[in-house]
Structures are given as structure tokens and as C-alpha cells.
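Shown next, in C-alpha cells, is the structure this report addresses.
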Amino acid sequence: MDLFKSDPAFEELGGIRYLADLVDRAPPSANAGDYAVKVRELSTSRQLIDTAKEIALRAHTEPVEPLVAEAERRITEIAREGSSRDCWRPMPEISERAFHEARARKGMAGLSTGLVDVDRILRGLRNRTYNILGGRPGMFKTGAAVQIAVNVARQGKGVGFFSIEEPEETLPSRFYAILAYDRSTPYYDGRSSCPAYEDFQTGDLNPDQWAMMDAGRALLDTLPISIDFRGGLKPSQILAAARRLKRKWERAGIEPGLFIIDHLLHVAPDQPTGNKVQDTGAVSGAIMDAAKSVGPPWLVLCQLSRGVEGRDDKRPTLADLKWAGELEQDAYSVTFLYRPAYYAREPESLDDTKAFDKYMRLKEQKHVLFWLTEKNRGGRTGQAKTFCDIGCNAIDDLEPFR
């Protein structure tokens, strides 16, 4: 009380009578929790107002794209802090949701890839997960990603494809070729009569093939697929673009389906250190966080080390991931593509019986693509096999024909 009396403002406000009025008008203590929530909400509002003012001022002089990414990041942080009171969830609530969702799945825990044998292993791509699809050059990584994108979009779900490696001039032809593909058409000299995407790029198609590609393009135009062709993207830019696309889908009534990155090692770190291992680890961790934040599953393509080429058995393992530690740790699942026919090299001499027999065995698997799941937090690991037609960029179940 002596401290109050020594402050001139105390007497100006009314002295002891002012304190008595405060006590008399104080709200019931039972409502303290509600008032605390209101104070928290007002604090969040002030943070939003301050952030908006700062961004508005900086927008006059700074580049737009990084400023947008920073604005989204800061607003997300404010939202997370504002909802911190909801971070703990009681087990009965979690259990009820888990049981409800499990009963509704009917054998598929996540988003179907559209490939029966692959789904048998992965049980689908699950929400909020980061999944690696790896392989050496020539193993058909981009082709597989495009096929899965088409399969998901044909389920009516949105697909966002970050094509950091392949340019706008070449990637669309892969989509047209897939949608133009008819597995029942004949083969001539070991080649499908369906249009090949490389022939489309050179304009070397016959009238029937042009008609098939045109039909493929018309179908593609109806699918909810969006492609970002920017090179050198950083995780913050990828996250910002993914959030914007998800909001666009939701406004259009499209269910978010899948985000694809082609490929991981072309993603630039937000804060480069000059150490490739640390930079790759930072990118991997950021993509894992993005998957948890945005919601839909992420399929991330990854190049493998050259160590595969030095072995007799060319099937990749987890150790073949470049800078494997962080990638292997962060990913929910890791699946490698392996195409035996890629290694079919005709021997210089037909008298080399052993080499010739190996060549023929590999060549006979021209249309076989192996999917080797080496890590799967959601269940089993193992091997799946699909049909592939490299020239037409098509992948399908081995049997039966769809």
C-alpha cells in the first residue's frame, strides 16, 4: 500500500476508493479462462495487424515472391502460436478418429497410386507423409511420377507437380502419351504403334497417332493437374506454392490429392551452408515439415549414387541414396525403381555364351519395371512389378489389362 501511496497517479485515480471499485466490479473468477482466451485472441489480432502493416510497407520496395513466402511463413507462425492451447489432444478423441478412419479405408490406408501391385505394398500414399521414389538415370522416375499423377487426377483429386528438372517444352508430351496409350494396340519390330512422346516432340507422328495425342490432350485438360516449372526452388517457395494451390482446389471443390517434386537434389536450401550433406538434410527436413503442414501426401523423386553401377546386382538399396542418412530418416517410405532391360548390353562376341544368355534374360524383361520398397513406416516392405512402355511413358499393372 505504501508503494501505491507514493505514486501521484494513485491519488489522481481516486486512491483507496478506486481500488475498492475495482474489486467490486471484477468479473467472477469462474470466467477467468474465457477472459484469458479473449486476451489471447486480441494479442493474435494485434500481431496480424502489425505483420500486415510491415508487409504492406515492404511491398513497395522489395521483390514480391520472397516477400510473399515470408508473409505466409509469419502468418502461419502466428496461427500456430494462437492455437497452442489446442496442441494437446485427449486419447479418446484420437482413438475415435483412428477407428472411424480405419473402418472406412477398406484395405487402402492412403491415396491409391492406381497400380495394384504397388498399392499392395504401400497400401497407398498417406496424408501428411513424405515419400521418396528413387532410381538411377534411365530407371523411369519422371515417367512413373507422371503416371501416378494421372492416376490420382483421374480419381478426381488435385495434383501439384513441381517439375524442377524437366522443362515446359518436354514434360507435357509425357502426359499426352500416357492418356493416348492403348495397351491392346499391336507392336511392330518390338515398338508400340501408340504415339511415343519423343516422336511428338519432333512432330514425327502419323495421322492416327496425332489423333490419339489430340484425344489425350483433350482428356488432360479435364484433369485437376497443375505444374510449377520454376527452377532452383527453395523449400519455402515450394511450401508457399503448395498452400496456394490447395486453397485454390478447396475453393473449386476439388479434393487435394498429391504433391510431386522432380527432383529432390534440385531443390535449393533456404539457407545454404556450402556443405552438400547439411544442405540436403535441411531440404529433406523442410519437405517433411511441409508434408505435415499442408496435408496431402508428397512423392519426391531422388537420384541415386553411382555405386549401383559398380555392382553385379543393380538393385538399389537404402545405402545408394545420395547423402542417405537424412533422407532415409525423414522419409515415411522409400521405394526404388529398377528396370533390368536398361542393363541389357549385347556382347561383343556371340561366342561368349554366358554374356549372351545374360543379355537375353535382361532383354526379355523389356516391359517390366520393379518397385523395391526398402522402407515403409506404414507397413511392409517388398517388391512390386508393373508393365512399362518407356517410349510411350506408360505404366500399368502387369495383369490383367485394364
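The values are calculated or read from the model by the stated rules, or taken from the named source; none is laboratory data. Keep in mind that what you see is a predicted model, and the values were worked out from it rather than measured. Positions of Cβ are backbone-derived with ideal geometry, glycine not excepted, and every protein chain shown enters the neighbour counts. The area values use the complete protein model at the heavy-atom level, side chains included, leaving out ligands, DNA and RNA. Shrake-Rupley method; radii C 1.70, N 1.55, O 1.52, S 1.80 Å.
Would the stretch 235-244 turn up any residue that is open to solvent by 50 Å² or more (accessible area, probe 1.4 Å), more than 11 Å from GLY160 (Cβ to Cβ) and of a type in the set (D, E, K, R)?
First, the residues of the stretch 235-244 that are open to solvent by 50 Å² or more (accessible area, probe 1.4 Å): 244.
Next, from what is left, pick out any that are more than 11 Å from GLY160 (Cβ to Cβ): none.
There is no residue in the stretch 235-244 that is open to solvent by 50 Å² or more (accessible area, probe 1.4 Å), more than 11 Å from GLY160 (Cβ to Cβ) and of a type in the set (D, E, K, R).
Contact list please: Cβ distance under 6 Å, first residue in the stretch 314-339 and over 21 Å from ILE395 (Cα atoms) and polar (S, T, N, Q), second residue modelled with pLDDT under 85 and open to solvent by 20 Å² or more (accessible area, probe 1.4 Å), pairs at least six apart or on different chains.
none
What's the number of the condition PRO256 fails, among (1) crowded, with 17+ Cβ neighbours inside 10 Å; (2) part of a helix (DSSP H, G or I)?
(2)
So which residues in the stretch 279-318 are at pLDDT 85 or above and either assigned to a strand (DSSP E or B) or open to solvent by 70 Å² or more (accessible area, probe 1.4 Å) (or both), if there are any at all?
ASP289, LYS292, TRP298, LEU299, VAL300, LEU301, CYS302, GLN303, LEU304, ARG315
If a residue has to be closer than 27 Å to PHE259 by Cβ and surrounded by fewer than 19 Cβ atoms within 10 Å (Cβ to Cβ) to count, how many in the stretch 199-222 make the cut?
7
Being part of a strand (DSSP E or B) and either over 19 Å from GLU165 (Cα atoms) or touching a strand residue (DSSP E or B) at 6+ places or on another chain (Cβ under 6 Å) (or both), is that true of even one residue in the stretch 267-277? Let's see the steps before the verdict.
Of the residues in the stretch 267-277, the ones part of a strand (DSSP E or B) are none.
Scanning the stretch 267-277, I find no residue that is part of a strand (DSSP E or B) and either over 19 Å from GLU165 (Cα atoms) or touching a strand residue (DSSP E or B) at 6+ places or on another chain (Cβ under 6 Å) (or both), so the answer is no.
Can you say whether GLU169 is under 20 Å from LEU337 (Cα atoms) and open to solvent by 40 Å² or more (accessible area, probe 1.4 Å), as far as the supplied structure shows?
Details: under 20 Å from LEU337 (Cα atoms): no; open to solvent by 40 Å² or more (accessible area, probe 1.4 Å): yes.
No, not satisfied.
Tell me the residue from SER226, SER236 that is modelled with pLDDT of 90 or more and among the hydroxyl-bearing types (Ser, Thr, Tyr), please.
SER226
Anything in the stretch 362-386 that is in a loop (DSSP other than H, G, I, E, B), within 20 Å of ALA331 (Cβ to Cβ) and open to solvent by 50 Å² or more (accessible area, probe 1.4 Å)? List them, or say none. Lay out the reasoning, then the answer.
Pass one, the stretch 362-386, residues in a loop (DSSP other than H, G, I, E, B): 364-367, 377-381.
If we keep only those that are within 20 Å of ALA331 (Cβ to Cβ) as well, we get 377-381.
Within the stretch 362-386, ARG377, ARG380, THR381 meet the criteria.
What's the number of the only condition in (1) at pLDDT 75 or above; (2) part of a helix (DSSP H, G or I); (3) surrounded by 12 or more Cβ atoms within 10 Å (Cβ to Cβ) that GLU81 fails to meet?
GLU81 satisfies every listed condition except (1).
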